[in-house]
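For reference, the structure discussed in these notes is given below.
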Amino acid sequence: MDGLGSAAQSMSPAAIPTGNNNKGFFKRAVINLLIIAFMFGCVELYILCLGSSNGLIGLTVALAIISFYRTDIGIKPLQGAFVIWGLFLLTGGATFLAAIHPALGFFVNMASIYTILTLTSHQPMDKAYYPIVSCYIFAQSSPVHGMDYGLRMIGIAGGGLIVAIVYYIRHRKVKRKRGIGDIFRETHFCSTRTKFFVRLTAGLTIAMLIGDFFHVLKPAWISFTVLSLVHPFVNESRKKIVYRIIGTIIGGILFFVLFEWVVPDPWHPVLLLATGYVYLFLRTYWIQQIFITLSSLSGAMVFLHADVAIEMRILFVLIGIAIVVLISICAKFRLMDRIYGQIQKIKARAKKTA
């Protein structure tokens with residue numbers, strides 16, 4: 001299933017126990033098996049009820065349930081549940097508006113992505129934003145209209161409601177004084193968190209604009225590269241770029257060998273399930289990218305020949321990397337700090353004059 005590996009990164013920190021002893025490994029293996037079965041079950045259910053264009057929406061709903069079962073977004077549980085549901089609804093509506101025209105899409109995507117990041121990422125390292133942003137990317141990269149859009153909204157709204165209910169039931173006993181208003185009151189223009197939100201929003205918006213403007217077949221490949229590589233700390237992004245390239249190239253070669261030469265066509269779905277299952281055990285980034293590449297290329301085989309899919313995958317990953325490098329270079333100039341400093345100077349002059 002195209003996008004399985006990328007969307008599966010939303011389980012970070014993973015809802016999977018870790019342990020070095022045999023008992024811990026067995027428990028982890030069983031839980032991973034249940035997770036992969038649940039994910040594919042949701043995909044098949046969405047395809048059956050809402051059509052093939054919504055299979056990946058079902059995948060992100062499944063991953064959101066797993067992720068938000070573990071992750072607390074840092075505000076009162078009931079408010080948090082409504083925020084999660086509201087952001088899913090925003091995803092459905094915003095991606096529909098963004099598909100009208102690339103120019104409109106640029107501003108809609110920018111505002112929507114920044115809103116998702118701000119409301120879900122009290123602790124950015126928890127990556128609570130990942131499943132909803134993944135849903136946004138999938139919906140934006142495969143726009144639908146008419147009856148198909150109605151079915152997609154049913155899938156997004158219904159799935160988002162289930163995620164919100166699971167979140168509230170799981171976290172209802174957590175005592176929180178912070179509310180939605182505190183999120184905005186605590187926002188500082190020059191904080192590491194805000195700078196991270198701005199970089200990631202800018203990177204994803206540019207990636208989506210490129211996909212819309214050039215009408216590329218797999219724009220989500222660019223967006224997920226940006227989503228994976230932009231990190232709260234810029235130095236971490238630089239390290240991951242090298243690993244992303246290595247993993248993509250090795251994954252492309254391995255895909256060509258396995259899917260073209262070794263494994264017969266009828267066994268490709270089984271191989272895909274196996275790679276998705278193994279992926280859940282992995283913690284090393286460049287090895288993860290090998291399995292993500294296998295997953296993504298297998299989905300692209302529906303439309304493309306293997307060699308074309310591999311070339312396109314590498315090209316789109318490089319485009320995503322170029323976007324990340326660009327915004328990292330811009331971050332070096334500390335533009336937000338300079339803008340904030342000028343605003344403070346203007347305020348001080350105005351106060352002195354008054």
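Worth a mention:
- Comparison of 319, 323, 329, 314 shows that the only residue that is over 18 Å from residue 220 (Cα atoms) and of a type outside the set (Ser, Thr, Tyr) is 329.
- Hits in the range 162-178 - residues which are surrounded by 15 or more Cβ atoms within 10 Å (Cβ to Cβ) and outside any helix (DSSP H, G or I): 176, 178
- Among the residues of the range 10-52, the ones that are of a type outside the set (A, V, I, L, M), surrounded by fewer than 21 Cβ atoms within 10 Å (Cβ to Cβ) and at pLDDT below 50 come to 6 in all.
- Test for residue 306: is it over 22 Å from the mean Cα position of the chain (by Cα) and modelled with pLDDT under 85: yes
- Here is the figure for the range 67-91: residues that are charged (D, E, K, R) and either assigned to a loop (DSSP other than H, G, I, E, B) or not assigned by TED's automatic domain parsing to the domain that holds residue 160 (or both) total 2.
- Within the range 336-350, none of the residues are surrounded by 11 or more Cβ atoms within 10 Å (Cβ to Cβ), touching a residue at least 24 places away in the same chain (Cβ under 8 Å), among the hydroxyl-bearing types (Ser, Thr, Tyr) and touching an Asp or Glu at 6+ places or on another chain (Cβ under 6 Å).
- When 128, 64 are screened for being in a loop (DSSP other than H, G, I, E, B), assigned by TED's automatic domain parsing to the domain that holds residue 35, in contact with a helix residue (DSSP H, G or I) (Cβ under 9 Å, 6 or more places away or on another chain) and not hydroxyl-bearing (Ser, Thr, Tyr), only 128 passes.
- Scan of the range 313-333 for residues that are farther than 15 Å from residue 241 by Cβ and surrounded by fewer than 18 Cβ atoms within 10 Å (Cβ to Cβ), ordered by number: 315, 330, 332, 333
- Qualifying residues in the range 131-161 (those that are in contact (Cβ under 8 Å) with a residue 40 or more places away in the chain, of a type in the set (Gly, Ala, Ser) and in a helix (DSSP H, G or I)) - the one nearest to residue 53 (Cα to Cα): 139
- Within the range 35-60, residues that are under 14 Å from residue 131 (Cα atoms) and in contact (Cβ under 8 Å) with a residue 24 or more places away in the chain have Cβ atoms under 9 Å from residues that are outside any helix (DSSP H, G or I) and of a type in the set (Ser, Thr, Tyr) in these pairs: 56/142; 60/10, counting only partners at least 6 apart in sequence or on another chain.
- Restricted to the range 59-95, and to residues there that are modelled with pLDDT of 95 or more and farther than 17 Å from residue 165 by Cβ, the residue that is nearest to the chain's Cα centre (by Cα) is 91.
- The lone exception for residue 216 - which of (1) in a helix (DSSP H, G or I); (2) touching a residue at least 40 places away in the same chain (Cβ under 8 Å) it fails: (1)
The values are calculated or read from the model by the stated rules, or taken from the named source; none is laboratory data. Please read these numbers as outputs of a predicted model, since none were measured by experiment. No Cβ is skipped: glycine too gets one built from the backbone with ideal geometry, and neighbour counts run over all protein chains shown.
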